[in-house]
1. Please determine, by comparing only the residues of the range 304-333 that are aliphatic (A, V, I, L, M) and open to solvent by 10 Å² or more (accessible area, probe 1.4 Å), which one is nearest to A268 (Cα to Cα).
2. From the list D504, D539, which residue is within 16 Å of ligand 1 (Cβ to nearest atom) and surrounded by fewer than 22 Cβ atoms within 10 Å (Cβ to Cβ)?
3. Within the range 512-531, track down each residue that is out of contact with any Gly (no Cβ under 8 Å at 6 or more places or on another chain) and away from ligand 1 (no atom under 16 Å from the Cβ).
4. Within the range 545-552, identify whether any single residue is within 16 Å of ligand 1 (Cβ to nearest atom), open to solvent by 20 Å² or more (accessible area, probe 1.4 Å) and under 30 Å from P426 (Cα atoms), and answer yes or no.
5. Residue check: is G73 at positive phi and open to solvent by 30 Å² or more (accessible area, probe 1.4 Å)?
6. From the set of residues in the range 19-50 that are in a helix (DSSP H, G or I) and in contact (Cβ under 8 Å) with a residue 60 or more places away in the chain, which is most open to solvent (accessible area, probe 1.4 Å)?
7. Quick one: in the range 91-120, which of the residues that are part of a loop (DSSP other than H, G, I, E, B) and in contact (Cβ under 8 Å) with a residue 60 or more places away in the chain is surrounded by the most Cβ atoms within 10 Å (Cβ to Cβ)?
8. Looking for something open to solvent by 70 Å² or more (accessible area, probe 1.4 Å) and free of Cβ contacts under 8 Å to residues at least 24 places away in the same chain - is there at least one such residue anywhere in the range 578-585?
Amino acid sequence: MTQTPSRYHEVYARWRSDPQGFWREAAREIDWSRPADAVFDPDQGIFGRWFTGATCNACYNAIDRHVESGRGGQAALIYDSPVTGSKRTYTYAALLDEIATLAAVLQDLGVGKGDRVILYMPMIPEAVIGMLACARIGAVHSVVFGGFAATELAIRLEDATPKVVLSASCGIETTRVIPYKPLLEEAIALSRHKPSACLIVQRPERAADLVAGRDHDWRETTARARAAGKRAACVPVAATDPLYILYTSGTTGRPKGVVRDTGGYLVALKWSMSNLYGVAPGEVFWCASDVGWVVGHSYIVYGPLLHGCTTILYEGKPVGTPDAGAFWRVVAEHKAVVLFTAPTAFRAIKKEDPDATHVKDYDLADFRALFLAGERADPDTVQWAERILGVPIVDHWWQTETGWPIAGNPLGLGALPIKYGSPTVPMPGYDVQVLDEGGRPLPPDTMGSIAIKLPLPPGCLPTLWHADDRFREAYLTTYPGFYNTSDAGFIDGDGYLYIMGRTDDIINVAGHRLSTGGMEEVLASHAAIAECAVIGVKDSLKGEIPCGFVVLKSGIGRAPTEIEAELVQLVRDKIGPVAAFKLAITVGRLPKTRSGKILRGTMKKIADGDSWAMPATIDDPAVLDEIGAALKGRGLAG
Ligand code: COA
Ligand code: AMP
């Protein structure tokens with residue numbers, strides 16, 4: 001097979017020589033109700049703002065304009081739910097009707113431009129309809145992942161102060177029904193801010209009790225609105241107005257409210273669909289993530305729909321719904337040309353079906369590429385996927401904060417040679433540099449902190465919700481003039497990036513981003529705990545899993561195993577099952593430096609079986625042997 005030379009270098013150079021011209025051109029793909037005064041205004045916002053003066057509407061660009069241009073009869077959304085045994089297809093015209101009707105219901109509930117709406121939803125079409133209905137009327141949505149506990153939801157309710165909450169009676173985890181409504185009630189009780197209304201999708205698997213005067217049955221309410229002919233029109237918003245807030249783990253238990261502005265996001269996503277993912281309008285794009293994560297926002301909802309693609313909403317898992325052939329079934333049945341998921345999903349499939357026996361049962365003729373993100377794509381998994389699928393496997397790197405990939409292999413511009421372990425090269429808009437502790441650029445192949453030279457491109461966060469100072473402090477202060485990604489890695493002589501791990505307390509568990517600091521806060525709140533440290537240890541399925549070391553207060557007089565079980569439950573109750581915190585280990589003391597800093601890095605190396613050196617500043621080297629012995633007692637430590 002002959003490979004066409006990639007246009008990547010030419011396109012990246014074009015951006016470098018004229019960033020504003022580059023984005024001005026990309027912006028032509030979006031329908032604006034008022035054009036921008038400036039493509040980029042360095043004097044607005046914290047590091048400048050994109051497309052100032054322009055107005056537009058995200059829902060209009062994702063839905064209405066496709067109906068107007070003749071795509072009304074094309075499938076926009078395919079809901080495929082092995083956990084309920086149901087499938088449903090919405091054309092662009094049908095989706096528009098659902099969104100416009102729900103948007104009118106939201107207006108009736110008092111929601112207007114700039115008001116916040118929280119969604120706490122499973123993977124059902126109403127989640128997508130809810131997000132786009134907010135966008136339609138200029139309201140700001142904030143989706144909270146269903147695997148988070150009531151406390152986490154309460155924190156987000158307090159911070160975002162939504163007028164309305166959209167939710168469902170339950171979610172379904174493989175075969176387990178998870179009632180969502182009791183979690184929502186607990187969160188509302190915990191939060192000082194109370195929404196004035198909740199709209200609840202009643203699912204047949206488990207109905208919820210509705211609170212009179214506050215709760216509304218989603219389907220009954222929208223049916224009434226439809227019968228009354230109510231439909232909301234698109235409300236133009238400033239390109240710099242927020243489209244959504246998405247909370248992500250920070251360095252403490254307090255999540256960061258990442259703000260996404262409207263105009264720049266639409267421009268960047270649209271550019272990425274054809275140039276990075278290499279898909280054309282009308283094709284089927286499947287992102288097997290969850291709408292609760294940034295990947296779901298950008299590539300289940302906004303990206304594919306902006307581009308006029310068909311998107312798939314999959315309520316299932318890579319394994320167990322019903323088997324390790326689930327992904328191939330969905331790709332084949334709906335003729336998806338691209339699948340985007342996390343490496344952990346492929347590790348789960350590989351574990352259950354190492355010889356990929358299920359692949360041969362399906363016709364994957366239309367399938368062109370697999371994209372992986374959310375955690376480092378380990379070369380073993382990438383090579384296995386390549387072998388069984390015979391298509392390019394593209395690792396690409398991004399963060400909730402950026403909203404779209406920082407680095408990848410741009411298939412639409414012509415693929416670059418793949419190097420295992422590397423997400424390839426920076427996308428236009430991103431000037432990625434590797435810096436030493438003093439902020440000086442490092443030579444190729446040298447590990448350092450990865451930073452992006454300001455300004456960040458369109459689509460990236462302009463700030464944190466109502467927290468400009470926290471934004472500056474968390475991202476812009478360490479390396480003046482740069483955005484600090486908090487990822488460490490290097491760039492090789494060919495300009496390929498390698499992302500090796502975080503420099504802060506964030507760990508990636510099954511592609512889910514979690515803060516060990518947040519878990520430490522929960523452990524420390526237990527009455528029996530004197531001190532604790534949580535680290536991420538290597539896991540062959542989930543990449544990393546959290547492991548908590550605890551020192552008990554003296555004279556507790558209870559069995560450590562009993563307290564450990566309470567700690568596991570406490571993290572599940574306070575953060576949620578998604579934390580996958582199952583390992584609490586009681587130790588006599590924690591290893592520390594002479595100045596009292598806990599040596600988490602060394603503990604991690606011992607747990608992972610990596611080589612490690614005795615830290616020169618350690619207070620008592622014998623403690624590390626004790627940690628090693630405690631880990632061995634649980635079958636860990638190499
Ligand atoms: N609502 C309620 N609970 C949820 C949930 C949700 N939306 N999502 C996950 N959970 C629960 C799980 O049921 C599990 O509970 P358990 O401890 O009682 O078993 C727990 O949270 C941990 O979930 P997870 O880490 O996802 O493990 P898993 O064993 O259920 O599944 C994988 C493992 C690898 C199959 C799964 O993590 C996966 O498909 N990952 C892909 C990740 C992904 O899409 N990331 C998005 C970025 S691209
Ligand atoms: P999230 O905000 O949940 O998308 O998580 C972002 C973090 O996940 C990044 O800062 C990285 O640490 C990690 N990550 C995401 N994609 C990749 C990738 N392709 N390679 C390595 N790490 C990744």
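The values are calculated or read from the model by the stated rules, or taken from the named source; none is laboratory data. Because the structure is a prediction, the values reported are computed rather than measured. Glycine gets a Cβ as well: all are built from the backbone with ideal geometry, and neighbour counts include every protein chain shown. Surface accessibility is based on the protein's heavy atoms, side chains included, excluding ligands, DNA and RNA. Shrake-Rupley method; radii C 1.70, N 1.55, O 1.52, S 1.80 Å.
1. That would be A332.
2. Exactly one of D504, D539 is within 16 Å of ligand 1 (Cβ to nearest atom) and surrounded by fewer than 22 Cβ atoms within 10 Å (Cβ to Cβ), namely D539.
3. Correct list: A524, S525, H526, A527, A528, I529, A530, E531.
4. Within the range 545-552, one or more residues are within 16 Å of ligand 1 (Cβ to nearest atom), open to solvent by 20 Å² or more (accessible area, probe 1.4 Å) and under 30 Å from P426 (Cα atoms).
5. Here the answer is no, as G73 does not meet what is asked.
6. Looking at the filtered set, the residue picked out is E29.
7. L109
8. Looking for residues that are open to solvent by 70 Å² or more (accessible area, probe 1.4 Å) and free of Cβ contacts under 8 Å to residues at least 24 places away in the same chain, one finds none in the range 578-585, hence no.
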